[in-house]
Amino acid sequence: TTFVRRVERRMHVLGISRGYEYLQRVQRDHDECEALFRDLLINVTRFFRDRSSFDVLNEHAITRLMQDSAGSQEGVRVWIPGCSSGEEAYTIAILFAQAAKTLNVPCNVQIFATDIDESMLRIAREGSYPIAQLADIPHELQEQYVIPHKERFNFIGQIRDMIRFSGHSLIKDPPFSKVDLVSCRNLLIYFDDKLQKTVMPLLHYAIRPGGFLFLGSSESVGR
């Protein structure tokens, strides 16, 4: 249904009324193919989206992982598939940094944030956001981890250095492995049952025994 709605929207924009005419347009017009691709990717994200969920994640997963990593050389590995423009990755990095500071342990954390949309990944890698988005970050964390400028802001080096943004398809490419936390939020809701049944074993494979899977409020592991 999402795909059909997006195709109908593009047809309306172009003044095309027949499906086969739009198919011909997409086949010969690379720019229109890219425009449809952009429309299909629903990049809705923000810092600390659903704040209460991040509070639970921090208490039950992040704090525990940092405690367990204190005597380990391996550190903590995090995978964020469908990271979009990077807000969730930076949010999780801040929470790990804060937990390490509170516990007085080294912050040995690697975050792999992946997406199929290179335009969103460029924004994420740049790590510069409009100053209006600063309102989503708790004030006490802004003071420690944010560098504000006149109209935009970015993050201190410690936060940026924890994250690696890269192109990766959750469906087509091999999954990451030996991951302590997978944060895959509000992505599965766009997959049908068959695709969810394909993806869930991949996420299960990626997570170490005793690791954590962080889903959106409307998502579950299914049957």
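List of remarks:
- Over the residues of the chain, the helix contribution to mean residue ellipticity at 222 nm works out to -13000 deg cm²/dmol, using -39500 (n - 2.57) for each DSSP H run of at least 4.
- FRET E, pair THR198, GLU74, Förster distance 25 Å, beta-carbon r, rounded to 0.05: 0.30
- Accessible surface for region 39-195, divided over its residues, is 49 Å² per residue with a 1.4 Å probe.
- Proximal charge balance of PHE37 [Cβ under 11 Å; K/R count +1, D/E count -1]: -3
- Ratio of Rg to Rh over region 75-223 (Cα coordinates, Kirkwood Rh, two decimals): 0.98
- Accessible surface of region 121-168 [probe 1.4 Å, protein heavy atoms]: carbon and sulfur percent: 52
- Residues listed by number, region 151-179, amide nitrogen under 16 Å from ARG125 label point at 7 Å toward C-beta: 160-169
- Size of region 38-88: Rg and Dmax of its alpha carbons, in Å, are 14.3, 46.
- Stokes-Einstein diffusion coefficient of region 151-219, Kirkwood radius over Cα pairs, 37 °C, 0.692 mPa s, in µm²/s: 235
- For region 1-72, the fraction of 1.4 Å probe accessible surface lying on carbon and sulfur atoms is 48 percent.
- Cα point-scatterer Debye curve for region 1-158, base-10 log of I(q)/I(0) at q = 0.09, 0.14 Å⁻¹: -0.42, -0.80
- Charged neighbours of GLN133, selected by a Cβ distance under 10 Å, balance to 0 (K, R count +1; D, E count -1).
- Net charge over other residues, Cβ less than 9 angstrom from the Cβ of ILE111 (K, R count +1; D, E count -1): +2
- Accessible surface of ILE131 - all protein chains present, 1.4 Å probe, nearest 10 Å²: 60
- DSSP-defined antiparallel bridges as percent of all bridges, the chain, nearest 5: 20
- Check: the chain dipole with +1 on Lys, Arg Cβ and -1 on Asp, Glu Cβ, in debye: 340
- Per-pair calculated FRET efficiency, R0 = 25 Å: VAL105 and ASP55 via Cβ, rounded to 0.05: 0.75
- The alpha-carbon of LYS101 sits under 18 angstrom from the alpha-carbons of these aspartates and glutamates, leaving out residues fewer than 8 places away in its chain: ASP55, GLU59, ASP68, GLU140, GLU143, ASP161.
- Reachable lysines, given that their alpha-carbon falls under 16 Å from the alpha-carbon of LYS172 and they are not under 8 places away in the same chain: LYS194, LYS197
- Region 61-115 - convex hull of alpha carbons, volume per residue in Å³: 61
The values are calculated or read from the model by the stated rules, or taken from the named source; none is laboratory data. Please read all numbers here as calculations on a predicted model, not as lab measurements. Every residue, glycine among them, receives a Cβ derived from its backbone with ideal geometry; neighbour counts consider all protein chains shown. We work out accessible area using only protein heavy atoms, side chains counted, and drop any ligands, DNA or RNA first. Shrake-Rupley method; radii C 1.70, N 1.55, O 1.52, S 1.80 Å.
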